[in-house]
Amino acid sequence: MADIDLMVEDDELEEQVDKYLLFELGAEEYCIDIARITAIEELPQITAIPDMPNFVKGVINLRGKVIPAVDLRLRFGMEAREYDDRTCIVIVSLGESTVGFIVDNVSEVHEIKKEDIGSPPSFKNLSGKEQYIAGLAKRGDEVKIILNVNKIISNEDKAIIDFETKQSSKE
């Protein structure tokens, strides 16, 4: 799989409205707003960092920038699986931070109109924390889960990850 660079010029931002990257984790397809994605890469070598949450696999060096690598399967409580040639890392901007989400497979970029997106379910996960779901998109007979990337990493986890990546960048 070739690297896909999603950096865009200002005049191309209008074209990104209502566009979502669809990717797979197991049998489910999830979506992330394409405006939050800076790149999609083949899974590079990951350097493990000790004493991290189990879903933080370590850090990667992406064009000289150290970025935490988060396995979304593990983050969502799914069974781990061995990485293969279809496994990708989706580089996402979280405001001042950048994180890489490891996914099983990237499917496509798809337009989903606002009127086709329903509110997220009003339940909490088993830990009582807010869900990562921003909405549910109707696409034909299927429903796709749109993720809120800001809620995938809790503020507590984000502080740990940011600290560790800043430490490893200094060395």
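The values are calculated or read from the model by the stated rules, or taken from the named source; none is laboratory data. All values derive from a computational prediction rather than experimental measurement. Virtual Cβ from ideal backbone geometry, glycine too; neighbours counted across all protein chains shown.
Data for the structure
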{"quantity": "Residues satisfying the stated conditions in segment 7-27, i.e. surrounded by fewer than 17 Cβ atoms within 10 Å (Cβ to Cβ) and either modelled with pLDDT of 90 or more or part of a loop (DSSP other than H, G, I, E, B) (or both)", "calculated": "Met7, Val8, Glu9, Val17, Asp18, Lys19, Glu24, Gly26, Ala27"}
{"quantity": "Residue that is closer than 27 Å to Gly135 by Cα and touching a Phe, Trp or Tyr at 6+ places or on another chain (Cβ under 9 Å), where the choices are Arg73, Arg36", "calculated": "Arg73"}
{"quantity": "Residues (touching a strand residue (DSSP E or B) at 6+ places or on another chain (Cβ under 8 Å) and either without any contact (Cβ under 8 Å) to a residue 40 or more places away in the chain or under 15 Å from Leu43 (Cα atoms) (or both)) located in segment 86-100", "calculated": "Arg86, Thr87, Cys88, Ile89, Val90, Ile91, Val92, Val99, Gly100"}
